[in-house]
Amino acid sequence: MLKRIALDSLKERLAFQPAVVLLGPRQVGKTTLARTLAAEFPGALLLDLEQESDRARLFNPQLFFSQYRDRLVILDEVQVMPELFSALRPEIDAARKPGRFLLLGSASGKLLNQSSESLAGRVSYLELAPLLLAEIGTEADSWKKLWLRGGFPGSFTASSDRVSALWRADFLKTFLTRDIPQAGVSIPAETLRNFWRMCAHLDGQLFNASQIGQALGGMSHATIGRYLDLFVDTMMLRRLEPFYANLGKRLVKSPKVYVRDSGLLHALLNIQGFDDLLGHPVVGHSWEGFVIEQISGAMPAFSDINFYRTAAGAELDAVVTTGDRRIGYEIKFSQSPKPGKGFWNACEDIGVERAYVVAPVSDPYPLAENVQVIPPGMLFRL
């Protein structure tokens, strides 16, 4: 079984908060993680709210919850019954102690708003992303498989690249035709698919809503902005904001947008095999997005991730800020990466403590004082 990094964070939050909301896209492994956790909580109760029989047990939620105050109650697909949040608040206040409720839901701004309004001060939030390099083992070429197939367990563990590609094609269709409408969004699936594919073709580039709107038949800037918000809320796209500081520089102000899971990016672009990927124009941006997700997964708690770019050409693909410490990252799909002048200027501009060039190399090596070339798997050992 794959060991998820989030398990320890989940235990930590349940040790001090009455409720924890575990957010993540469908099929990312939330239920499996919850079952693993439940084995450590005697008598833990798991209800799947997509099952009519389990929903029926919550006909009177306050009465039901009051009977299980000594057990962990796990509510899967909680977005199906948003009215439960108003019942959870008085129940938590009536018997306030840590580790009472674990709520699993597909990530969405609506779900976050509902839970934060009803359970303010009573809940902790944790995001479960697709599999990371640190979660899949240490085989020499494991990064190739994860990069190509992405981190959804059903895709990553498929018996072949073809079966993995079929799994992801089914996922895309289900997400657009079922999951989005269930979230209360009434935009045609084909319209959203076209937007998503456009974002895939422009992966890792500065987001230009007007350009995308024109390419999609003259959609307004505001409409494209709403579509972007929808895919960011559902954890399908990452909106990477630029790094801001009062440096006296002309800074780029538009965000970059990435398809968060590299396997879904490749599915949207009909890339099925590793050779196909290596020959595709998106290969460099795909590698960049893949490494961005590893950096995000490896960075310390209470950190921010941004990119840095100036009008003069200074650039870092990622800047991780933790307190007053800044670590810079350049991402290169090359076995002999050579950062340009813009990298060194950017490091100087923002005063990074250390910088890393992340590339598909076998072993790390130094480029300068406090600057190293490293393989992506090393991000979790820094």
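Condition check ((1) among the small types (Gly, Ala, Ser); (2) over 29 Å from residue 235 (Cβ atoms); (3) without any contact (Cβ under 8 Å) to a residue 40 or more places away in the chain; (4) surrounded by 15 or more Cβ atoms within 10 Å (Cβ to Cβ)) across all residues:
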{"site": "269", "(1), (2), (3), (4)": "no, no, no, yes"}
{"site": "277", "(1), (2), (3), (4)": "no, no, no, yes"}
{"site": "286", "(1), (2), (3), (4)": "yes, no, no, yes"}
{"site": "299", "(1), (2), (3), (4)": "no, no, yes, yes"}
{"site": "310", "(1), (2), (3), (4)": "no, yes, no, yes"}
{"site": "313", "(1), (2), (3), (4)": "yes, yes, yes, no"}
{"site": "347", "(1), (2), (3), (4)": "no, yes, yes, yes"}
{"site": "352", "(1), (2), (3), (4)": "no, no, yes, yes"}
{"site": "374", "(1), (2), (3), (4)": "no, no, yes, yes"}
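Suppose the filter is of a type in the set (Val, Ile, Thr), at negative phi, modelled with pLDDT of 95 or more and touching a strand residue (DSSP E or B) at 6+ places or on another chain (Cβ under 8 Å); does residue 350 pass it? Here the answer is no, as residue 350 does not meet what is asked.
One line per residue, one yes/no per condition, for (1) in the same structural domain as residue 358 (by TED's automatic domain parsing); (2) modelled with pLDDT of 95 or more; (3) not acidic (Asp, Glu):
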{"site": "100", "(1), (2), (3)": "no, yes, yes"}
{"site": "108", "(1), (2), (3)": "no, no, yes"}
{"site": "118", "(1), (2), (3)": "no, no, yes"}
{"site": "173", "(1), (2), (3)": "yes, yes, yes"}
{"site": "184", "(1), (2), (3)": "yes, no, yes"}
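Between residues in the range 204-219 that are closer than 17 Å to residue 187 by Cα and modelled with pLDDT under 95 and residues that are among the hydroxyl-bearing types (Ser, Thr, Tyr) and surrounded by fewer than 16 Cβ atoms within 10 Å (Cβ to Cβ), which pairs lie under 8 Å by C-beta distance while being six or more apart or on different chains? Cβ pairs passing all conditions: 213/220; 216/191.
Annotation: residue 209 fulfils all but one of (1) under 21 Å from residue 2 (Cα atoms); (2) in contact with a His (Cβ under 9 Å, 6 or more places away or on another chain); the unmet one is (1). A single entry from 38, 15 fulfils the requirement of being loosely packed, with under 13 Cβ neighbours inside 10 Å and either free of Cβ contacts under 8 Å to residues at least 24 places away in the same chain or more than 30 Å from residue 230 (Cα to Cα) (or both): 15.
Taking the residues in the range 220-243 that are without any contact (Cβ under 8 Å) to a residue 12 or more places away in the chain and among the hydroxyl-bearing types (Ser, Thr, Tyr) as candidates, determine which candidate is surrounded by the fewest Cβ atoms within 10 Å (Cβ to Cβ).
220
Yes or no: residue 359 in the same structural domain as residue 143 (by TED's automatic domain parsing), of a type in the set (A, V, I, L, M, F, W, C) and touching a strand residue (DSSP E or B) at 6+ places or on another chain (Cβ under 9 Å)? When the stated conditions are applied, residue 359 passes them. The residue that is surrounded by the fewest Cβ atoms within 10 Å (Cβ to Cβ), among those in the range 148-163 that are under 20 Å from the mean Cα position of the chain (by Cα), under 16 Å from residue 28 (Cα atoms) and not basic (Lys, Arg), is 157. Every condition in (1) within 21 Å of the chain's Cα centre (by Cα); (2) assigned to a helix (DSSP H, G or I) holds for residue 55 except the one numbered (1).
Restricting attention to the range 33-66, the residues being hydrophobic (A, V, I, L, M, F, W, C) and under 23 Å from residue 128 (Cβ atoms) number 11. For the subset of the range 1-30 comprising residues that are touching a helix residue (DSSP H, G or I) at 6+ places or on another chain (Cβ under 9 Å) and among the small types (Gly, Ala, Ser), which member is farthest from residue 151 (Cα to Cα)? Selected residue: 19. Filtering 7, 63 for residues that are outside any strand (DSSP E or B), free of Cβ contacts under 8 Å to residues at least 12 places away in the same chain and surrounded by fewer than 17 Cβ atoms within 10 Å (Cβ to Cβ) leaves a single hit, 63. Every listed requirement among (1) in contact (Cβ under 8 Å) with a residue 24 or more places away in the chain; (2) under 30 Å from residue 236 (Cα atoms); (3) surrounded by fewer than 18 Cβ atoms within 10 Å (Cβ to Cβ) is met by residue 71 save one, (2). Cβ separations smaller than 9 Å between residues 6+ apart or across chains give the following pairs from the range 99-122 residues that are farther than 20 Å from residue 27 by Cβ and assigned to a loop (DSSP other than H, G, I, E, B) to residues that are at pLDDT 65 or above and of a type in the set (Val, Ile, Thr): 99/20; 100/73; 100/92; 119/21; 119/92; 122/92. Among the conditions (1) at pLDDT 95 or above; (2) within 27 Å of residue 167 (Cα to Cα); (3) outside any helix (DSSP H, G or I), the only one that residue 25 does not satisfy is (1). Just one of the listed residues (226, 238, 193, 197) is basic (Lys, Arg) and over 30 Å from residue 311 (Cα atoms), and it is 193.
The values are calculated or read from the model by the stated rules, or taken from the named source; none is laboratory data. Because the structure is a prediction, the values reported are computed rather than measured. Note: ideal-geometry Cβ built from the backbone for every residue, glycine included; neighbour counts use all protein chains shown.
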